[in-house]
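Heads up, the thing below is written out as C-alpha cells.
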Amino acid sequence: MVSRSDWRLLLPERVRRLPFDLAFVFTSVVAVNVVVFLPFLRETPLVVFGVPFVLFVPGYAFIAALFPERSQRPAEERAETPDGPRSTTDWGIDGIERVVLSVGLSTAAVPLLALVLNVTPFGIRPVPIMVTVSLFTVVMTIIAAYRRRKLPQEQRLRVPYRQWTELARTELFAPDSRTDAALNVLLIVSILLATASVAYAVAVPKQGDGFTATYLLTESDDGDLVADNYPTNFTVGEPQSLIVGVSNHEHERTDYTVVVELQNVTLLTNESAQVDRIRQNATRSGAVSIHVDRTVELDRFTVPLSHNETWHHEHAVTPPFAGDDLRLTYLVYRGDPPADPSTKSAYRWLALRVDAAPDT
C-alpha cells in the first residue's frame with residue numbers, strides 16, 4: 001500500500017524529480033491523451049478537460065522554458081544598505097505575467113502548430129494535432145526542467161502554492177469589507193458559469209443534420225478498397241464480387257436493411273446525354289426516364305450500426321438471367337423494407353449498369 005505521504009512513488013522517477021508545476025504539466029499531457037484516444041472515455045464529459053489543457057498548458061510549458069527564474073530576488077538581497085536600498089531588479093516574470101503569457105502563447109501556438117501540420121501529409125486532423133501539441137508541451141517541459149536545474153537554488157522558480165492558498169482563503173472567508181465579500185461571490189459565480197458553459201458546449205456539441213452514406217467498392221491489386229473498376233460484364237450463373245458499404249451519421253443507432261436487386265430496365269428516352277449517364281454508372285433518381293420490366297432479389301442484409309460506425313460487406317453477385325443494360329440496384333432502408341422494395345421507397349439507393357451474357 002502507498003500512503004498519502006509517498007503517493008509520488010507511483011510516478012516514474014524522472015517525473016518525480018520534476019518540480020511540482022512541471023510534473024503537473026506532464027501529468028496533464030498524459031491524462032488528456034488517455035481521454036482523447038480511449039474510445040470508452042472519448043464520448044464522456046471528461047473531454048471538457050481538453051479545453052483548459054489547450055488554452056493554458058502548452059503556453060505554460062513554453063514560458064517555463066523561457067523563464068526558469070523566480071520573479072524576485074530574496075528579501076535579504078533587497079534589504080537596506082548604508083548607501084540606500086539594493087537593486088530590486090527581478091530575475092524573471094511574476095505570477096500574473098506568467099499566467100497571462102501562458103494563455104496568450106497557448107492561443108497562438110496551437111493554431112501555428114496546426115498550420116505546420118497543414119503542409120505535411122498528416123493534415124489538420126484531430127489525432128495529428130493532439131500528438132503535435134502533446135509533443136511540443138513535453139519538449140518544452142524537458143527544456144524548462146533542464147534550464148531550471150542549471151540555476152542556483154535561490155534563483156529557481158518555485159510556485160508559491162501554499163501562499164496562494166492562504167491568500168485565497170483569506171480573501172474568500174475573511175474579506176476586509178462587505179463590498180469585497182460581494183465581489184468575491186460574484187467572481188466565483190462568474191467563474192462557475194463560464195466553466196459550466198464551456199463544459200456544456202464541449203460535452204454536448206450542437207448536432208448537424210444526420211445522413212447515411214452508401215457506396216460500392218472493389219478491391220485493387222494492392223488490396224485497397226477503391227470506388228473504381230466495377231465489374232460490368234457478367235455471365236449467368238458465374239459470381240463476381242462487390243463490396244457494399246454503409247456509414248451511419250444519423251447521431252443515433254440505426255438498423256438498416258440492404259436489398260440487392262437485379263433489374264431488367266427499358267429506357268423511355270433516346271437522349272444521348274441521359275444514356276451516357278446510365279453507361280457511366282451514375283444513375284440517379286430523375287436522371288433518366290426508365291421502366292422496370294423485371295426484378296429479381298439477389299440478396300438482403302440486416303445492418304445495425306451505431307453513430308459514426310461503418311459497415312463493409314463483400315458479397316458475390318450471380319445474375320440469374322441474361323440481358324443488356326441491366327441495373328444492379330442496392331436499396332437501403334432504415335428499418336424493415338416494404339413488401340415491394342423500389343428506388344422510390346428506399347432511404348438511399350445505388351445503381352450499377354451491367355450486362356449479363358447467357359451461360360455457355
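Annotations
- Take Ser220: with every protein chain present and a 1.4 Å probe, its accessible area is about 40 Å².
- Average accessible area per residue (Å²) across segment 318-358 - probe 1.4 Å, nucleic acids and ligands excluded: 44
- Evaluating 6.51 cos²θ - 1.76 cosθ + 1.60 at θ = phi - 60° for every residue in segment 21-35, the Karplus couplings come out as 5, 6, 5, 5, 4, 4, 4, 4, 4, 5, 5, 5, 5, 4, 5 Hz, glycine and proline recorded as x.
- Using θ = phi - 60° and Karplus 6.51 cos²θ - 1.76 cosθ + 1.60, couplings along segment 251-259 (whole Hz; Gly, Pro as x): 6, 6, 5, 9, 9, 9, 10, 10, 10
- Put Ile63, Ile188 in order of accessible area, highest first, and with a 1.4 Å probe you get Ile188, Ile63.
- Note on Phe20: accessible area approximately 110 square angstrom, rounded to 10, probe 1.4 Å, nucleic acids and ligands left out.
- Taken per residue, the accessible surface of segment 113-174 reaches 71 Å², heavy atoms only and a 1.4 Å probe.
The values are calculated or read from the model by the stated rules, or taken from the named source; none is laboratory data. Keep in mind that this is a model prediction, so the values were computed, not measured. To get the accessible areas, we keep the full protein, side chains included, count just its heavy atoms, and leave off ligands, DNA and RNA. Shrake-Rupley method; radii C 1.70, N 1.55, O 1.52, S 1.80 Å.
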